[in-house]
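Have a look at the structure below before the remarks.
The values are calculated or read from the model by the stated rules, or taken from the named source; none is laboratory data. Note that this is a predicted model, so its numbers are computed, not measured. Here the Cβ positions follow ideal geometry from the backbone for every residue, glycine too, while neighbour counts run over all protein chains shown.
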Amino acid sequence: MGEIDILLGLQWGDEGKGKIVDALTPEYDIITRFQGGPNAGHTLEFENEKYILHTIPSGIFREDKLNIIGNGLVIDPSVFLGEIRSLQKPVTELVNRIIISSKAHLILPTHRLLDAAYEESKGDMKIGSTLKGIGPAYTDKTSRQGLRVGALLSDNFRETYYIHRQRHLNILQNHKIETDLEESEKEWFEGIELMKKFRIINTEYFINRSLDEGKRILAEGAQGTMLDIDFGSYPFVTSSNTISAGACSGMGISPRKIGNVFGIFKAYCTRVGEGPFPTELSNNTGIKLRDSGHEYGSTTGRPRRCGWLDLPALKYSCMINGVTSLFMTKADVLTGFDKIKVCTSYKINNSFVEELPYDIGAEVEPVYLEMNGWKEDITGIRKYNKLPAALREYIDFIEKETGIPVNIVSVGPDRSEAIIRDE
């Protein structure tokens, strides 16, 4: 009997999940995605090439692995079309490596228009949506008005599409949003025709049969725990469950079939868009982190907000997800600081707390512990005991506070720049 291991982000997204999935893929037979959509941007770099995936699992670059787009996703056919083209592989080759759930939902061109309209109507209360149509697509799903991937195999798909389209246009009449759909629909339907070349099946059966056959599966999460619709910094969150429990509903598996839960976190914190961020550094240190880490959204291109590691938030994410192993990314970005800081608690109304408050956007003042930094270039290091002592002390502190081992330390963007701790 096989097991599913889950890999997910523990912060506000952009933790470097794509690279780690790619590095772990040789140990698995199948890689799956279980939630989110083209608001995700998983970046992989190898052989002097850079790739950004939005919907397709990050195991696609390993030729002998199968990749499943699960039922918990919302899929934009035009984005899928662009991704397939960016892979620069024959479609005849890729159709054997990608399976799409018939129960995943489709993002329509009008969903993107609705997204823009809803965001605009919020005025000063904007949440920083990626405007990819994610929220409106999940809203249709929840209100039982969604259009699922399985429907595109029916003879009357276009008629069904136009019914949904008109319903959205009726809503948009109340908003001042440009609704010329001709060009976007052309690409969207081209993406639909491409999707029809792939296997569209009830993936929950396939996944469970694969487990019965002893196959090893890695489930790849998108966004991050602090963007979870229930447990994130609401309302500045995404529209799906980004936590480990979301893998069960996003793939159709029992919790009993989950093995390890790998939690990825940056050596510091970043956030794209609006919303609370207790350790944000609106100064030269924050700018240095952004410049050193090339912190710009892979999906939106927006500059990321940067700050020191938030330990209460990290411990909260570990608890919610049942994390069994921690992977630290971008340790190299902290190189060059004389001192680094870690938020160990919050000061709220003159009280010190280590738990995340109901409203993390309220008057929350981070309380910091200062630690020694390091100056050595670590990008060429491949053995843990060769890392600077100050970095190892930093990692030891995180392990002690969370009670969870840090088993991988990433020291650069390339797939080869990762230290796997043998001990």
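Sort out which residues of the range 221-252 are under 18 Å from residue 67 (Cβ atoms) and at pLDDT 95 or above, and write them in order of number.
247, 250, 251, 252
Which condition does residue 268 not pass, out of (1) without any contact (Cβ under 8 Å) to a residue 60 or more places away in the chain; (2) within 30 Å of residue 4 (Cα to Cα), if it passes all the others?
Unmet for residue 268, out of (1) without any contact (Cβ under 8 Å) to a residue 60 or more places away in the chain; (2) within 30 Å of residue 4 (Cα to Cα): (1).
Could you list all residues from the range 179-216 that are part of a loop (DSSP other than H, G, I, E, B) and touching a residue at least 12 places away in the same chain (Cβ under 8 Å)?
Answer for the range 179-216, where residues must be part of a loop (DSSP other than H, G, I, E, B) and touching a residue at least 12 places away in the same chain (Cβ under 8 Å): 179, 181, 196, 197, 198, 202, 213, 214, 215, 216.
Only strands (runs of 3 or more DSSP E) wholly contained in the range 338-415 count here; list those with 2 or more residues that are more than 23 Å from residue 286 (Cβ to Cβ) and under 26 Å from the mean Cα position of the chain (by Cα).
It comes to 406-410.
Just for helices (runs of 4 or more DSSP H) wholly inside the range 1-107: which have at least 3 residues that are hydrophobic (A, V, I, L, M, F, W, C)?
Those helices (runs of 4 or more DSSP H) span 17-24, 77-86.
Could we say that residue 243 is assigned to a loop (DSSP other than H, G, I, E, B) and under 24 Å from residue 354 (Cβ atoms) here?
yes
Inspect the range 286-302 for any residue being touching a Lys or Arg at 6+ places or on another chain (Cβ under 6 Å) and part of a helix (DSSP H, G or I) and give the result as yes or no.
Taking every residue of the range 286-302 in turn, at least one turns out to be touching a Lys or Arg at 6+ places or on another chain (Cβ under 6 Å) and part of a helix (DSSP H, G or I).
Hey, can you tell me all the residues within the range 299-357 that are small (Gly, Ala, Ser) and either free of Cβ contacts under 8 Å to residues at least 40 places away in the same chain or crowded, with 18+ Cβ neighbours inside 10 Å (or both)?
Correct list: 301, 307, 313, 317, 331, 345, 351.
Tally time: how many residues in the range 403-417 are closer than 19 Å to residue 325 by Cα and of a type in the set (S, T, N, Q)?
So the count comes out to 2.
I'd like the residue in the range 23-50 that is surrounded by fewer than 24 Cβ atoms within 10 Å (Cβ to Cβ) and within 15 Å of the chain's Cα centre (by Cα) and, out of all such residues, is modelled with the lowest pLDDT.
44
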